[in-house]
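> The structure is given below, and queries will be raised subsequently.
The values are calculated or read from the model by the stated rules, or taken from the named source; none is laboratory data. Computed from a prediction, not measured in an experiment: that's the story for all the values here. Every residue, glycine as well, gets a Cβ built from its backbone with ideal geometry; the counts of neighbours run over all protein chains shown. Please note that ligands, DNA and RNA were not included when accessible areas were found on the heavy atoms of the full protein model with its side chains. Shrake-Rupley method; radii C 1.70, N 1.55, O 1.52, S 1.80 Å.
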Amino acid sequence: MTGEQLMQMLAALRFEHRWLGDEFVAESIRLGKAENGKEHHYVPQMYLKRWTVGEKVQPVLVDRRKVLPPQRPKEVAKKANFYSLPAPSGTMDEPLRWVEKHLSRIEDECAHRLDQLQRLGSGEVTDDELKRDLSVFLGLQVTRTRAHRTRYLLLIKGPAAAKREFYRRMAPNMTDADFRDMLDRTHADAQAEAITLMFSDVRSPVAASLHMRQWAVYRTETPLVTCDDPVVLVAGPPGRT
C-alpha cells in the first residue's frame, strides 16, 4: 500500500456524527460551566448499572487477586479530575470540566440505544442509525479508559525522535514538515492533549472501524464479567476485524 492509498483510507474512516460535531461540543461547554464534580467515571455509571445485583456491582482487582466488597456503581471505575482541563491562559481559576458533561450527554442518549439493542433480542443488528450511535459510544469506551490514557501520555511525553518513528510507521505519507506542524499544534498541557486525542481517535478511525463491522447480539446462559476496558475487539475477516 502506498502512502497516498493509506491517506485515502484514513480519510474514508473519518466518522461524521453530531456527537462529535462543533455544535454539540459548544452546547456541552455552555452546560459544563456549572459542572463542579471532581470524581469522573472512566466507565459510565449507566453501563455499570446494567451489571448490578441488588443495586451493587462486585469489583475485583484481578491483578492483585483481591475481591472488594460490593459497591454502588457511582463508587467504582472513577478517578478525580480525570477529564478536567486546565484553566485557560494559565490562570488560577478552577479547571474546566465540560468534557465530563459532554460524555454524560452522550451516555444519556445511548442508554436508550442500549435498551433498544436489548429489545432486538439475539441475532444480527441491521439498524444503521443504531449502529452509528453505538459506534461513537463504543469508540469512546475504547479511548477514554485509564489504560488508553497511559498510552496517550507515553506518546505525548516521549522524545520527538520516538514520535517521528511512530508516525513514520502509522502514517508513511507524513512529511517532516507535517510532523513539525503537528508538534507545534500539540497542547502544552499533557492531559489536555490526551483528551484531544481521545476524541480525535474516535472521529478517525475508531468509530468508522466499529461501524463497518458486522453486528450481532448474543445471549449467554451464564453471567459474563466486564472490566475497566469494557470493549473487547475480536478478530474477523480481513478488513472487517
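> Do you know which of the residues in the range 92-103 that are open to solvent by 30 Å² or more (accessible area, probe 1.4 Å) and either of a type in the set (S, T, N, Q) or touching a residue at least 12 places away in the same chain (Cβ under 8 Å) (or both) is farthest from P44 (Cα to Cα)?
So, considering only residues that are open to solvent by 30 Å² or more (accessible area, probe 1.4 Å) and either of a type in the set (S, T, N, Q) or touching a residue at least 12 places away in the same chain (Cβ under 8 Å) (or both), the one farthest from P44 (Cα to Cα) is E94.
> Criterion first (open to solvent by 30 Å² or more (accessible area, probe 1.4 Å) and over 13 Å from the mean Cα position of the chain (by Cα)) does L120 satisfy it?
Here the answer is yes, as L120 does meet what is asked.
> Return the pair list, or none, for Cβ contacts closer than 9 Å from residues in the range 40-60 that are at positive phi to residues that are surrounded by 14 or more Cβ atoms within 10 Å (Cβ to Cβ) and part of a helix (DSSP H, G or I), at least 6 apart or on different chains.
E55/K49; E55/P73
> Can you tell me which of (1) of a type outside the set (D, E, K, R); (2) within 27 Å of L20 (Cβ to Cβ); (3) in a loop (DSSP other than H, G, I, E, B) is the one L130 doesn't meet?
Failing condition for L130: (3).
> What single numbered condition from (1) part of a helix (DSSP H, G or I); (2) over 19 Å from L20 (Cα atoms); (3) β-branched (V, I, T) fails to hold for V206?
Evaluating V206 over (1) part of a helix (DSSP H, G or I); (2) over 19 Å from L20 (Cα atoms); (3) β-branched (V, I, T) leaves (2) as the failure.
> Just one of (1) of a type outside the set (A, V, I, L, M, F, W, C); (2) within 25 Å of V62 (Cβ to Cβ); (3) in contact (Cβ under 8 Å) with a residue 60 or more places away in the chain; (4) open to solvent by less than 80 Å² (accessible area, probe 1.4 Å) trips up R219, so point out which.
With (1) of a type outside the set (A, V, I, L, M, F, W, C); (2) within 25 Å of V62 (Cβ to Cβ); (3) in contact (Cβ under 8 Å) with a residue 60 or more places away in the chain; (4) open to solvent by less than 80 Å² (accessible area, probe 1.4 Å) applied to R219, the lone miss is (4).
> Residues of the range 22-70 being open to solvent by 40 Å² or more (accessible area, probe 1.4 Å), of a type in the set (A, V, I, L, M, F, W, C) and closer than 21 Å to P95 by Cβ, which ones?
Answer for the range 22-70, where residues must be open to solvent by 40 Å² or more (accessible area, probe 1.4 Å), of a type in the set (A, V, I, L, M, F, W, C) and closer than 21 Å to P95 by Cβ: A26, I29, L31, A34.
> Further, regarding this structure: Considering only the range 154-196, state which residues are touching a residue at least 40 places away in the same chain (Cβ under 8 Å), among the charged types (D, E, K, R) and part of a helix (DSSP H, G or I).
E193
> Tell me, please, whether a residue that is surrounded by fewer than 12 Cβ atoms within 10 Å (Cβ to Cβ), out of contact with any Phe, Trp or Tyr (no Cβ under 8 Å at 6 or more places or on another chain) and under 30 Å from Q45 (Cα atoms) can be found in the range 195-214.
Looking through the range 195-214, at least one residue is surrounded by fewer than 12 Cβ atoms within 10 Å (Cβ to Cβ), out of contact with any Phe, Trp or Tyr (no Cβ under 8 Å at 6 or more places or on another chain) and under 30 Å from Q45 (Cα atoms).
Each row is one residue, and each column tells you yes or no for (1) of a type in the set (D, E); (2) out of contact with any strand residue (DSSP E or B) (no Cβ under 9 Å at 6 or more places or on another chain).
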residue	(1), (2)
L138	no, yes
R169	no, yes
D181	yes, yes
V217	no, no
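> Mind listing just one residue for me: the one in the range 1-21 that is part of a helix (DSSP H, G or I), modelled with pLDDT of 90 or more and open to solvent by less than 80 Å² (accessible area, probe 1.4 Å) and, of those, farthest from I195 (Cα to Cα)?
Checked the range 1-21; the qualifying residue farthest from I195 (Cα to Cα) is W19.
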